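The values are calculated or read from the model by the stated rules, or taken from the named source; none is laboratory data. Small disclaimer: the values here were computed from a predicted structure and weren't measured. Don't worry about glycine lacking a Cβ; one is built from the backbone with ideal geometry, like all the others, and counts go over all protein chains shown. With ligands, DNA and RNA removed, areas are computed over all heavy atoms of the protein, side chains included. Shrake-Rupley method; radii C 1.70, N 1.55, O 1.52, S 1.80 Å.
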Amino acid sequence: MLSKNVLSALNNQIKMEGDSSQVYLAMASWAEVQGFEGISTFMYKQSDEERMHMLKLIKYVNQRGGEAKVGATLEPVLVLD
């Protein structure tokens, strides 16, 4: 069983991994539209990696008697000057 503090920390990390995945995904999509295939491919892979981190943490929490929280992610905003 996970303590409340550990569960809270893990759920916060799950949120951060999901948000990171979304940011990489937004960058990948932008780069793809701009025709930057190399960086787009790299960013898609980074997005997948962050999502896999999130999934591993979710499984860890749930398999140890906790309840993983999968909340909404923020929409990434790309600011280009």
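Descriptive notes on the structure:
- Top-ranked residue in the stretch 32-67 [being in a loop (DSSP other than H, G, I, E, B) and surrounded by fewer than 16 Cβ atoms within 10 Å (Cβ to Cβ); ranked as farthest from the chain's Cα centre (by Cα)]: Gly35
- Verdict on Gly18 being on the phi > 0 side of the Ramachandran plot and either under 18 Å from the mean Cα position of the chain (by Cα) or not charged (D, E, K, R) (or both): no
- The criterion of being in contact with a helix residue (DSSP H, G or I) (Cβ under 7 Å, 6 or more places away or on another chain), open to solvent by 40 Å² or more (accessible area, probe 1.4 Å) and part of a helix (DSSP H, G or I) holds for Ser20.
- Inter-residue pairs, beta-carbon under 7 Å, first over 10 Å from Ser21 (Cβ atoms) and in the stretch 34-48, second open to solvent by 70 Å² or more (accessible area, probe 1.4 Å), 6+ apart: Ser40/Glu32
- Condition check for Gly35: among the small types (Gly, Ala, Ser) and modelled with pLDDT under 95: no
- Checklist (1) without any contact (Cβ under 8 Å) to a residue 40 or more places away in the chain; (2) open to solvent by less than 40 Å² (accessible area, probe 1.4 Å) applied to Ser29, failing item: (2)
- Of all residues in the stretch 69-79, none satisfies being part of a helix (DSSP H, G or I) and in contact with a Gly (Cβ under 9 Å, 6 or more places away or on another chain).
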